[in-house]
């Protein structure tokens, strides 16, 4: 499953402001003594996770951005070039300078269902991901945790959807819409029936079972009037997913969607997770 560059750009500002700062600081402390850190970002999309977390690490960084969608890898290259203070092509890699930090960025296309173990054998210092694990299956999470733990790699993942949605003003169809959306979240996104809002709980259990230390932290989207374009796109996407399930009458979906166009506030729950060898 892939997402459009436009949707990823729309969500990037709220993603960056929602990440839990205390847990991010513990990740930074874990690598505090290293001048150079190699980081592999799974399901990188258009490179938002690099832009949101590069400041946690030392002045010399090597990033491997992994995605199955070549259009998103191309978008990541373009947006990172525009974002950096300086950018230079170095063969297939991109050499970036930002706020005194130097980053070599490698872009790799891979299928994380078929090629997971091969990708992890690239052995970075840290694996990262954002808004990825609610799309994969519980069986894939077990496989992933075992593979990461066997290689004794740390993982820092942010913004995994946890199922909470609160809107102001509320609407009579809120509960039915969320239930139908969760049913859609559990459908197959290319990795088998998806974990959806159970993903972070399943990941914590799997990594603890594999002998890793695990910390989680709350990172909800808190949406306000400044986020109108994101709210409109988000609620339209929810309505589209709900319609695919057939679980809510069309009149109720349409009424809910119209009401959300005037939503003053919203909360969409997410969790961050940092796990490392105990």
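Listing for the model above:
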read-out	value
Label-point separation, residue 16 to residue 208 (7 Å along Cα→Cβ), nm	3.4 nm
Over region 82-194: Rg over Rh, Cα atoms, Kirkwood Rh	1.09
Volume in Å³ per residue [convex hull over Cα atoms, computed for region 1-156]	115 Å³
Taking all pairs of distinct alpha-carbon atoms in region 214-278, Kirkwood radius in angstrom	13.8 Å
Per-bin percent of Cα-Cα distances, region 106-147 [10 Å]	22, 65, 13
Gain upon complete extension [residue 7, residue 114; 0.36 nm per residue less C-alpha separation]	35.9 nm
Computed FRET value (nearest 0.05) for residue 36 with residue 218, which takes r as the C-beta separation and R₀ as 51 Å	0.95
Extension reserve of the residue 183-residue 278 stretch, reckoned as 0.36 nm per residue once the Cα distance is removed	30.7 nm
Relative contact order computed over the chain (Cα-Cα under 8 Å; 6+ residues apart), in percent	21 percent
Fraction of the pair-distance distribution of region 170-210 above 15 Å, Cα-Cα pairs, percent	56 percent
Computed over the chain, Kirkwood Rh from alpha-carbon pairs, angstrom	19.4 Å
Quarter of the Cα convex hull surface for region 1-69, i.e. its orientation-mean projected area (nm²)	4.9 nm²
Stretch gain in nm, segment residue 123-residue 252, where the contour uses 0.36 nm per residue and the Cα spacing is subtracted	41.5 nm
For region 71-143, convex hull of alpha carbons as volume per residue, Å³	126 Å³
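Each reported figure results from applying straightforward, stated rules to the coordinates on display, with no laboratory input. The structure displayed is predicted, hence computed values, not measured ones. Because the Cβ atoms are built from the backbone with ideal geometry, glycine has one as well, and the counts that use them run over all protein chains shown.
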